[in-house]
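The values are calculated or read from the model by the stated rules, or taken from the named source; none is laboratory data. All of these numbers come straight from a predicted model, not from anything done at the bench. Here Cβ is always computed from backbone atoms with ideal geometry, including for glycine, and neighbour counts include all displayed protein chains. For the accessible areas, the whole protein counts, side chains as well, though only heavy atoms, and no ligand, DNA or RNA atoms are used. Shrake-Rupley method; radii C 1.70, N 1.55, O 1.52, S 1.80 Å.
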Amino acid sequence: MGSTRPATATTPSRPTRASTVVSAAALVAVVGILAVAPQAAAVPEPPRRDLRGPLPGPVSAVRPFDPPAQRWLSGHRGVDLAAPPLVVIRAPAAGTVVFAGAVGGRPVLSIDHGGGLRTTYEPVRATVRTGDGVTTGDTVGHLVAGHAGCPVQACLHWGARLASGGPPGDDDYIDPLSLLSVHDRPIRLKPTLPGDGAA
């Protein structure tokens, strides 16, 4: 008869203090990275869709709205619209001029339209003053050439923001083109492809 060995129970190995500390540190690092990683900021819905374009003729955006993922990061908080220098800038909706002056050496105009909506225009030589009331289509200024990053002779930087209920620096920027009435929105043509029937 062969000898039988008694079965020995194996006890699961217990983690050492060092491996527990390393695992905890790794977990803290992952949570820390997730906490500070930029997340796409939610852009609020436009509060209205009845604004007129601030320039005469169809709107031609040469640089789109590109908001930052976080308020403190860089981004493009409006749209750049191509236009000839000195063209008339019109109020896209009724409101009150809340600022007409220089910011960082650039002439800026800002109109409060009520309901927390404010639109801004630069570089614009204002023909209105702070406190003036305006109605839709009123002349509020003239475009000045020299907007940084403009691929043509002159561009109007048009911005829009909604009050968030907190400090002014916490306002939400929205795409001003989303506020336009259906008749004033830019036309986007579908590109023609071979076989589409185009001559």
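Key figures for this structure:
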quantity: Close pairs (9 angstrom Cβ cut-off, 6 or more residues apart or separate chains): basic (Lys, Arg) in segment 166-194, assigned to a loop (DSSP other than H, G, I, E, B) and modelled with pLDDT under 80 anywhere; calculated: LYS190/ASP196
quantity: Residue match in segment 109-116 (condition: assigned to a strand (DSSP E or B), within 20 Å of ARG63 (Cα to Cα), of a type outside the set (Ser, Thr, Tyr) and touching an Asp or Glu at 6+ places or on another chain (Cβ under 8 Å)); calculated: yes
quantity: Flag for PRO123 being surrounded by fewer than 20 Cβ atoms within 10 Å (Cβ to Cβ), over 18 Å from the mean Cα position of the chain (by Cα) and more than 25 Å from SER164 (Cβ to Cβ); calculated: no
quantity: Scan of segment 138-151 for residues that are open to solvent by 40 Å² or more (accessible area, probe 1.4 Å) and closer than 12 Å to ILE89 by Cα, ordered by number; calculated: ASP138, THR139, HIS142
quantity: Top-ranked residue in segment 89-108 [being surrounded by 14 or more Cβ atoms within 10 Å (Cβ to Cβ) and more than 15 Å from GLY137 (Cα to Cα); ranked as modelled with the lowest pLDDT]; calculated: ARG106
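Quick grid of which residues meet (1) under 21 Å from ARG90 (Cα atoms); (2) of a type in the set (S, T, N, Q); (3) open to solvent by less than 60 Å² (accessible area, probe 1.4 Å); (4) modelled with pLDDT of 90 or more:
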| residue | (1), (2), (3), (4) |
| --- | --- |
| THR127 | yes, yes, no, yes |
| THR136 | yes, yes, no, yes |
| GLN153 | yes, yes, no, no |
| ASP172 | no, no, yes, no |
| LYS190 | no, no, no, no |
